[in-house]
Each structure stands twice: as C-alpha cells, then as structure tokens.
Amino acid sequence: MSSNPRGLLFIVSAPSGTGKTTLVERLVQDLPNLHMSRSYTSRAARPGEQDGVDYNFISRDRFAAMVRDGAFLEWADVFGHCYGTAAADTEAMLARGDDVVLVIDVQGARQVRSRGIENVGIFVLPPSADILEQRLRGRSKDSEEQIHQRLETARREVGEFAEYEYVVVNNEIEAAASRIGGIVLAERARVKQMRRAAEKIIETFKEQRHHAQNT
Ligand code: 5GP
C-alpha cells in the first residue's frame, strides 16, 4: 500500500459554455498528481474527439449494463445522452494517493454528495448570462434550438452554486485556472492531508534531541 494519504476528490461543475474543460485541462497540466477522470458517455464522438482520450465512448446498451452492474460512482442524462464516472477508475487513483478531478454536471455532483463521498466541490460561473450566451454562439456548431436548451439548463444549474465549497468566476482563463489551482493547493495543505508528512518531520526533532543527549 502507498504511504501517501488517500487522494482528494475534486468536483468541477459549470454550465455548458463556461469553459470548464479548458480550465481543468490547464489545471492538470500545471499540477502534478492531479488527474482528470475520463467519463463514459453514450453520445457519439464529435469531430476531433478521441475514444479513450476525451471520453470512453460506449453504446447505450453497454452504458445501461454498467448502470445495472453498479459500475458508476455517479451518472446522469445530460442533453439526452448518458454520462458517468466509473467508480473503479476513480478509486484506483485515490487509493494510490493521487488527487482526482471530476468534471461533471450538477446532477452527478448531487449524487456524489448524497452518497456521503468526501469531495471538494468547485462551481464555475460565467461572468454573466449575456457573456455565456455570446460564448455559446461564438463556439457554436450548435443549432439555435440547442443554444436555447443549453441556456435554459444553465439557468437551472447556476442556482445550485451554494451546494459547492467554492465558486470561481471564469472571466479570463489564466486567472480562473490559477484560482482553481490555489484551491487545490490549499486543500492539499490541510492538516488531514499533511499529518503523515508533518509527523515525519516531528520525528526528526525527537531524533535530534536524542543525539544531543547522547553526545
Ligand atoms: P459534452 O457533451 O459537452 O462533452 O458534455 C455535456 C455535459 O456533460 C457537461 O456539462 C459535462 O460536465 C457533463 N458530463 C461529462 N461527463 C460527465 C460525467 O461523467 N457525469 C456527469 N454527471 N456529467 C458529465
């Protein structure tokens, strides 16, 4: 077994178009020992997306079988497609002491909390509804109807921010990524996480006194 403490589970939720995936990709590049969990989804890969990289793309039947087998830590139907986090993948990383970040919707986050699984929730907000709409239109391969659906869902989702431990406004990607990085580092410095490392240092003080007494 690893001598590291169990890793921390971070959850990042945000309305579609807020830029959370870019933010979290930046974060895992910058911080060692932080991994982004790769979700399973029943939706088809978009151009440029790769199976086993962006998502594990699976059929609806296989998704349903995984739900029946209890393979998911959480799962949800988002915009008509199923998305889920495999419990085994996450557990393996946490058990070896690595921190894991789940980029999941508010329904999934609620499931993790209601199952009593320890986590640190971060809600990312766009600076305003208008800016979110502009971003959705700007990036958009989405139809007008899809944009409306995403904005409607966003309106519901943003009301959940207070269920999370932290709120980060994504006004500018670098600044927002560094604020999330600050949250991760602060959580890592908690006594609960640092106890073993601190105790090792305390030992050196005892050894030093012991040497001093014997000389
Ligand atoms: P997209 O299809 O644009 O990649 O993702 C759509 C939404 O699904 C996003 O809000 C994203 O956070 C959410 N999502 C992605 N993976 C998961 C997951 O494993 N579980 C849950 N609950 N939501 C997910």
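Based on DSSP H runs of at least 4 residues, each adding -39500 (n - 2.57), what is the mean residue ellipticity at 222 nm of the chain after dividing by all its residues, to the nearest 500 deg cm²/dmol?
Estimated from H runs of four or more residues: -15000 deg cm²/dmol.
Return the tail of the calculated pair distribution for region 61-103, meaning the percent of Cα-Cα pairs more than 18 Å apart.
That tail contains 33 percent of the Cα-Cα pairs.
What's the long-distance tail for region 65-165, i.e. % of Cα pairs beyond 16 Å? Don't skip to the end; give the middle numbers.
On the way: 3265 of 5050 pairs.
When all Cα pairs of region 65-165 are counted, 65 percent exceed 16 Å.
If you take the charge dipole of the chain about its Cα centre, with +1 on Lys and Arg Cβ and -1 on Asp and Glu Cβ, which of ALA175, VAL53, ASN119 is farthest toward its positive end?
ASN119
Calculate the dipole size of region 170-215 relative to its Cα centre from +1 charges on Lys and Arg beta carbons and -1 charges on Asp and Glu beta carbons; express the result in debye to the nearest 20.
300
Would you mind working out the magnitude of the charge dipole of region 49-143 relative to its Cα centre, with +1 at each Lys and Arg C-beta and -1 at each Asp and Glu C-beta, to the nearest 20 Debye?
220
What are the ³J(HN,Hα) values, in whole Hz, obtained from phi via the Karplus relation 6.51 cos²θ - 1.76 cosθ + 1.60 with θ = phi - 60°, for each residue of region 83-98 in sequence order, with x given for Gly and Pro?
3J(HN,Hα) across region 83-98, in whole Hz: 9, x, 9, 6, 4, 5, 4, 5, 4, 4, 5, 5, 5, 8, x, 8.
Can you tell me which of VAL120, VAL167, VAL191 moves the most in a GNM of the chain? Springs connect C-alpha atoms under 10 Å apart.
VAL191
Rg and Dmax of the chain, using alpha carbons, in Å: what are they?
So, for the chain, Rg and Dmax equal 20.3, 81 Å respectively.
Local charge sum around ASP54 (other residues, Cβ-Cβ under 13 Å, Lys/Arg +1, Asp/Glu -1)? Provide the component values of the computation, followed by the final result.
Working: positive: ARG38, ARG43, ARG46; negative: GLU25, GLU49, ASP51.
Net charge around ASP54: 0.
For the chain, give me the percentage of DSSP beta bridges that are antiparallel, rounded to the nearest 5 percent. Before the final figure, lay out each step's value.
Numbers: 8 of 26 bridges.
In the chain, approximately 30 percent of DSSP beta bridges are antiparallel ones.
So if I take the centroid of the Cα atoms in region 68-116 and the same for region 155-198, what is the distance between those two points in Å?
With region 68-116 and region 155-198 each reduced to a Cα centre, they are spaced 18 Å.
Could you give the C-alpha radius of gyration of region 8-55 expressed as a fraction of 2.2 N^0.38 Å, taking N as the number of residues it contains?
Working: Rg = 11.8 Å, N = 48, 2.2 N^0.38 = 9.6 Å.
Computed over Cα atoms of region 8-55, the ratio equals 1.24.
Hey, in the GNM for the chain with a 10 angstrom Cα cutoff, which one of GLU157, GLU25, GLU144 fluctuates hardest?
With Cα springs under 10 Å in the chain, the top fluctuation among GLU157, GLU25, GLU144 is at GLU144.
Report, to two decimal places, the Cα Rg of region 83-128 normalised by 2.2 N^0.38 Å (N = number of residues). Present the calculation step by step, with values, prior to reporting the outcome.
Numbers: Rg = 12.0 Å, N = 46, 2.2 N^0.38 = 9.4 Å.
Dividing the Cα radius of gyration by 2.2 N^0.38 Å gives 1.27.
Which stretch or stretches of region 91-128 have amide N atoms under 17 Å from the point lying 7 Å from ARG190's Cα along the Cα→Cβ direction?
94-95, 97-102, 112-123
Under a point-charge model restricted to the Cβ atoms of Lys and Arg (+1) and Asp and Glu (-1), what is the dipole moment magnitude of the chain relative to its Cα centre, in debye to the nearest 20? Walk me through the numbers on the way to the answer.
Values: 29 positive and 31 negative charges, 119 e Å.
Here the chain has a charge dipole of around 560 debye.
How much net charge surrounds GLU152 when only the other residues with a Cβ under 12 Å from the Cβ of GLU152 are counted, with Lys and Arg +1 and Asp and Glu -1?
Values: positive: ARG150, ARG155, ARG156; negative: GLU133, GLU145, GLU157.
Local net charge: 0.
Looking at the chain as a GNM with Cα springs under 10 Å, which of PHE79, PHE205, PHE161 has the largest mean-square fluctuation?
Per the Cα network of the chain with a 10 Å cutoff, PHE205 tops the list.
No lab work stands behind these numbers, since they all come straight from the coordinates. This one's a predicted model, so the numbers in the text were calculated from it and none came from an experiment. Neighbour counts are summed over all protein chains in view; Cβ atoms, including those assigned to glycine, are modelled from backbone coordinates with ideal geometry.
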